[in-house]
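The values are calculated or read from the model by the stated rules, or taken from the named source; none is laboratory data. Keep in mind the model is a prediction, meaning the values are calculated, not measured. Positions of Cβ are generated from backbone atoms using ideal geometry, with glycine treated the same way; all protein chains shown enter the neighbour counts. Surface accessibility is based on the protein's heavy atoms, side chains included, excluding ligands, DNA and RNA. Shrake-Rupley method; radii C 1.70, N 1.55, O 1.52, S 1.80 Å.
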Amino acid sequence: MTRETQGRVTVRQARPEDSAVCGSICYEAFAAINKAHGFPCDFPSPEAPVGLLSMMFSSPGIYAVVAESEGRIVGSNALDERAVIHGVGPVSIDPAVQNRGVGRMLMEAVMERTRERGAVGVRLVQAAFHNRSLSLYTSMGFDIREPLTCLQGQVKERGVPGCAVRAAVREDLDACNDLSHRVHGFDRSLDLERAIVEGTASVVERGGRVTGYSTHVGFFGHSTAESNQDMQALIGGAESLAGPGILVPSRNAVLLRWCLANGLRVVQPMTLMSTGLYNEPAGAWMPSVLF
């Protein structure tokens, strides 16, 4: 896909070999905006987003685009299409060409894709301190659904009485998908299957049945559970919180207070936004940085 856009910028589908340049831009963009607002970068080093985008640009079920200006890549965006709800991000623009409409063009490209694929909804997570991205997403039809608190640290209370946490296996898929349907109204089976294969997924059992699961307890994984007790067990059962940390819905005051009381610290505020179908979750949950 190549489309002519305003000025000299074009948008095309990303290729695996674009990941090195796009990863460098992603790191510089996030480092610059976070530093300007007094927050740590979402990535520990330039190599981290290169690895992330390399995986995304070559993964079935993820559609990615890049923006080019005069033959040079100046930004990228990705769309996770592995569920009936699609997830957007990371969106990143070369700091040298920001505020020139490139971000809107990259967003329009993936939103066009969601319409072609018939997604029932689209979601993303944005940094709450980033006024420009909030304005962009709102102007494109996204609604604020949930304030999120990103937390990091070592949990003091590792075990929760009555709950047993273990690694997820393929035989857990049906129970986890059923739980996701009850809490969210849809499942993310492909995401969970991949996490099981990669060894990052976990489940919690209470009363002899699966009552919660996580694809990865951290920034890039989502977690769903029947109750706060089950979610606390999943968090406590993790050896560490991956990436910048977990994303706790801020309105779940009970879970947020438990996290703070158990040694976790606030890293930054974030916001879950969506267009299309959105069901108020009927249980405990934590989104990934996608949704």
Quiz item: Per the 1.4 Å probe, what fraction of the accessible area of segment 122-202, in percent, lies on carbon and sulfur atoms?
Solution: 52 percent
Quiz item: Pick from N34, N131, N262: which residue has the top mean-square fluctuation in a GNM of the chain where Cα pairs under 10 Å get a spring?
Solution: N131
Quiz item: Based on Cβ point charges of +1 for Lys and Arg and -1 for Asp and Glu, what charge dipole magnitude is obtained for segment 23-126 about its Cα centre, in debye rounded to the nearest 20?
Solution: 240 debye
Self-check item: Amide H contacts of I246 (H built 1.01 Å from N, under 5 Å, at least 5 apart or other chain)
Solution: L151
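Please identify every one of the trypsin sites (Lys or Arg not before Pro) in segment 170-265 that sits in a loop by DSSP and has no more than 14 other beta carbons within 10 Å of its own beta carbon. Write out the running numbers ahead of the final one.
Numbers: sites: R170, R182, R188, R194, R206, R209, R251, R257, R265; in loops: R188, R251.
When the trypsin sites (Lys or Arg not before Pro) of segment 170-265 are filtered for loop state and at most 14 Cβ neighbours within 10 Å, R251 remain.
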Practice problem: Quick one: which residues, 5 or more positions from E146 or on another chain, have an amide H under 5 Å from its amide H? H modelled 1.01 Å from N in the peptide plane, none for Pro or chain starts. | Solution: L272
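Averaged per residue, what accessible area in Å² does the chain show with a 1.4 Å probe, protein chains only? Mind showing how you got there, number by number?
Numbers: 12280 Å² over 291 residues.
That works out to 42 Å² for each residue.
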Self-check item: Helical contribution to [θ] at 222 nm, DSSP H n ≥ 4, -39,500 (n - 2.57), averaged over the chain, rounded to 500
Solution: -10000 deg cm²/dmol
Exercise. Above 21 angstrom, tally the Cα pairs of segment 92-166 and express them as a % of all pairs, no decimals.
Key: 50 percent
Self-check item: Extension reserve of the E171-A36 stretch, reckoned as 0.36 nm per residue once the Cα distance is removed
Solution: 44.0 nm
Quiz prompt | Dipole-positive endmost among M55, L234, I33 within the chain (Cβ charges, Cα centre) | solution = I33
Exercise. Pop the C-beta distance of R194 and V84 into the FRET formula with R0 = 25 Å and round what comes out to the nearest 0.05.
Key: 0.90
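Looking at segment 175-266, which GluC sites (Glu not before Pro) are in a loop (DSSP not H, G, I, E or B) and have at most 10 other Cβ atoms within 10 Å?
Details: sites: E193, E198, E205, E226, E239; in loops: E226, E239.
Qualifying residues, ordered by number: E239.
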Quiz item: Looking at segment 1-77, which GluC sites (Glu not before Pro) are in a loop (DSSP not H, G, I, E or B) and have at most 10 other Cβ atoms within 10 Å?
Solution: E70
Quiz item: For the chain, what does the equivalent ellipsoid look like in terms of its semi-axes, each the square root of 5 times an eigenvalue of the Cα gyration tensor, given largest first in whole Å?
Solution: 32, 20, 17
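Which FRET efficiency, nearest 0.05, do N131 and A96 yield, Cβ-Cβ r, R0 22 Å? Kindly include the intermediate steps, with their values, before the conclusion.
Values: r = 20 Å, r/R0 = 0.90.
Here the calculated transfer efficiency is 0.65.
If R0 is 22 Å, what FRET efficiency do you get for N228 and I144 from their C-beta distance, rounded to 0.05?
Values: r = 23 Å, r/R0 = 1.04.
Here the calculated transfer efficiency is 0.45.
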Quiz item: In degrees, nearest 10, range 0 to 90: what is the angle between the Cα axis of helix 102-117 and the longest Cα principal axis of the chain?
Solution: 60 degrees
Practice problem: Grab the eigenvalues of the alpha-carbon gyration tensor for segment 227-268, scale each by 5, take roots, and send me the semi-axes largest first in whole angstrom. | Solution: 15, 14, 9
Exercise. Calculate one ³J(HN,Hα) per residue across segment 267-277 by plugging θ = phi - 60° into the Karplus curve 6.51 cos²θ - 1.76 cosθ + 1.60, and present them in order as whole Hz with x for glycine and proline.
Key: 9, 6, x, 9, 9, 8, 10, 8, 10, x, 4
Quiz item: Gaussian network model of the chain, Cα springs within a sub-10 Å range: biggest mean-square fluctuation belongs to which of P244, P60, P269?
Solution: P60
Self-check item: Size of electric dipole in the chain: Cβ of Lys, Arg +1 and of Asp, Glu -1, about Cα centre, debye, nearest 20
Solution: 560 debye
